[in-house]
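Shown next, in structure tokens, is the structure this report addresses.
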Amino acid sequence: MGLAKGSLSIREAYAQAMAVTAPLGSVVSTTTAAIAYAGKAVVFATVLALIGSALWIYTLTRYSSKVASAGGYYTYGAAAWRKKTLAYYEAVIEVIAYSALNAVNALAIYLLIQTYSQIINVSIPDYVLYLFISLGLLYPTVISFTTHIRSLLGKIVSVSATLEVIMLYAMFIYAVATKGFNLSYFNPSGAPLSAIGTAMILSIVSISGAGASTYLGEESKVPRKTITLGMWLSLIIGGSAILAGTYGLVALWNGSLTSLENSNQPLIQELFAFGLPIVMLGLLMSINSLLASNIGTTVGSARVLFNLAREKAMPKLFEKTNKTQEPIIATMFVGILSALFSVFSIIITGSVQNAFNEISVVTSVFWLAGRIIDGFGVPVFYWRINSLSLPVLIIPVSATLINTTGVILSFQTPDVFQSLSILVILLSATVWYIIKARKGLAGTYVVDDNNELISIDEYIEKLKRERSIVRQT
């Protein structure tokens with residue numbers, strides 16, 4: 001049956017981008033992990049992340065304004081480098097990064113509930129807490145293939161994202177109104193460069209979630225315009241909300257800096273100052289945000305697998321869609337992969353908190369590694385279509401250097417979990433490449449403005465002709 005071609009508008013593209021950006025979920029998930037590294041310098045790191053993300057979205061929209069595909073990022077990389085091996089490994093990195101992020105968000109739900117129960121001095125059995133992890137993995141998986149994507153994003157996710165933004169700005173406004181605007185929070189002093197680098201890439205992963213609308217290229221009306229606008233809207237609205245919420249989180253903290261760094265969930269602790277109803281509202285909205293984030297990442301990674309299967313680089317069963325035109329087998333596979341990340345990380349690291357911190361960094365490094373491929377590829381792609389200009393050369397390279405610097409600054413000797421994860425992933429990917437994917441054509445298919453499949457080589461020739469006509473006129 002295939003995907004629902006040409007059925008989505010700017011609203012759904014924006015919602016998909018905001019789902020993965022998950023402003024409130026990012027504050028209680030990746031921002032909380034970033035605080036553990038950088039303390040109050042997390043505000044400075046978030047500013048850097050917002051700048052880096054803006055440069056990155058510009059970089060990404062250089063692709064999206066020219067190319068549309070269900071494959072998203074890896075198709076962009078393929079359009080630039082024209083290497084199917086590189087396209088395959090980038091696609092694997094995308095699926096792994098999103099699946100790992102699903103695990104991070106599911107573990108964050110556990111920590112939210114645990115922190116809440118500790119503060120109100122109520123004991124919740126461990127098995128109940130683990131059920132919340134299951135909820136964080138199962139609900140996004142099931143709803144992603146049982147609900148048509150137009151309703152899923154246009155009604156469920158878009159409403160949730162709007163409420164998140166309102167809450168984060170309310171935190172910022174309240175913090176400024178009651179404690180004044182404190183410029184010292186934007187000072188990085190006291191935190192080592194490596195800590196700021198780690199905090200920065202954690203925040204970039206969240207804010208750059210705006211790029212997740214790229215996977216809707218085949219299903220969006222006027223895809224090159226719709227996807228591009230959806231990204232910019234999400235960056236501006238979601239990114240600024242994350243910065244505002246991060247500032248409010250630090251400014252409203254009443255304890256010492258050390259206690260802030262050691263808090264599992266500072267947002268929940270702060271909300272108790274406003275009474276139990278506000279705490280419950282914040283808790284429910286935070287959980288909903290994390291669930292929405294997992295919906296967005298599941299939607300994206302399922303389409304990567306669907307597209308790879310169509311290009312004969314993944315099992316054909318990943319092409320199977322249901323009556324709502326969702327890739328059902330690919331979606332379930334992503335859910336299983338996310339569950340494996342959650343289970344094995346807890347077993348190896350010994351606790352949910354340790355697993356949360358470990359996977360957050362692994363996710364960020366994997367994600368940015370893939371983006372380095374795309375970033376350096378923009379000038380190459382524009383050279384291929386005879387459209388290379390100075391901004392298209394300088395800005396993407398600058399954005400990619402920022403991402404690369406963040407990875408380098410955050411680099412530390414891999415521990416057992418990180419080493420084992422990387423080894424198993426790369427080994428499994430390589431074995432499958434040798435068995436199957438090398439015979440396929442990863443990165444081959446894109447869609448034209450009518451959402452019809454076309455080979456990337458044929459499409460590039462079409463772009464060249466368009467460029468020649470523009471020059472002649």
Does the stretch 320-328 contain at least one residue that is crowded, with 24+ Cβ neighbours inside 10 Å, touching a strand residue (DSSP E or B) at 6+ places or on another chain (Cβ under 7 Å) and touching a residue at least 60 places away in the same chain (Cβ under 8 Å)?
yes
Failed criterion for ILE395 (all others in (1) over 23 Å from LEU129 (Cα atoms); (2) open to solvent by 40 Å² or more (accessible area, probe 1.4 Å); (3) of a type outside the set (Gly, Ala, Ser); (4) more than 22 Å from the chain's Cα centre (by Cα) hold)
(4)
Residue hits (the stretch 67-99; in contact with a Ser or Thr (Cβ under 8 Å, 6 or more places away or on another chain) and of a type outside the set (Val, Ile, Thr)) are ALA68, SER69, GLY72, TYR73, TYR76, ALA78, LYS84, ALA87, GLU94, ALA97, TYR98, SER99
Exactly one of LEU271, LEU276, LEU308 is buried (at least 19 other Cβ atoms within 10 Å of the Cβ) and modelled with pLDDT under 95, and that residue is LEU271
Checked the stretch 172-207 for anything outside any helix (DSSP H, G or I) and open to solvent by less than 50 Å² (accessible area, probe 1.4 Å); matches are GLY180, PRO188, ALA191
Have a look at GLY39, GLY72, GLY25 and point out the one that is buried (at least 24 other Cβ atoms within 10 Å of the Cβ) and either under 27 Å from ALA244 (Cβ atoms) or among the aromatic types (Phe, Trp, Tyr) (or both).
GLY25
Collect the residues in the stretch 368-389 that are closer than 21 Å to SER301 by Cα and open to solvent by 10 Å² or more (accessible area, probe 1.4 Å), keeping them in residue-number order.
ALA369, ILE372, ILE373
Identify, from the list VAL299, VAL362, the residue that is touching a residue at least 24 places away in the same chain (Cβ under 8 Å) and out of contact with any Phe, Trp or Tyr (no Cβ under 7 Å at 6 or more places or on another chain).
VAL362
Given (1) out of contact with any helix residue (DSSP H, G or I) (no Cβ under 6 Å at 6 or more places or on another chain); (2) of a type in the set (Val, Ile, Thr); (3) farther than 30 Å from ALA442 by Cβ; (4) open to solvent by less than 60 Å² (accessible area, probe 1.4 Å), index of the condition ILE113 fails
(1)
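Residues are listed down the side, and each one gets a yes or a no for (1) surrounded by fewer than 23 Cβ atoms within 10 Å (Cβ to Cβ); (2) modelled with pLDDT of 85 or more; (3) part of a helix (DSSP H, G or I); (4) not aromatic (Phe, Trp, Tyr):
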| residue | (1), (2), (3), (4) |
| --- | --- |
| VAL104 | no, yes, yes, yes |
| ILE109 | no, yes, yes, yes |
| ILE124 | yes, yes, no, yes |
| LEU131 | yes, yes, yes, yes |
Just name the residue that is modelled with the lowest pLDDT out of those in the stretch 434-473 that are in a helix (DSSP H, G or I) and among the aliphatic types (A, V, I, L, M).
VAL470
Where a residue in the stretch 421-433 is under 17 Å from LEU308 (Cβ atoms) and its partner, wherever it lies, is in a helix (DSSP H, G or I) and of a type in the set (A, V, I, L, M), with Cβ under 8 Å and at least six apart
ILE425/VAL92; ILE425/ILE96; ALA429/VAL92
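The values are calculated or read from the model by the stated rules, or taken from the named source; none is laboratory data. Only a predicted model underlies this, so the values are computations on that prediction, with no experimental measurement involved. Backbone-built Cβ (ideal geometry, glycine too); neighbour counts: all protein chains shown. Keep in mind that these areas ignore ligands, DNA and RNA; they rest on the heavy atoms of the full protein, side chains included. Shrake-Rupley method; radii C 1.70, N 1.55, O 1.52, S 1.80 Å.
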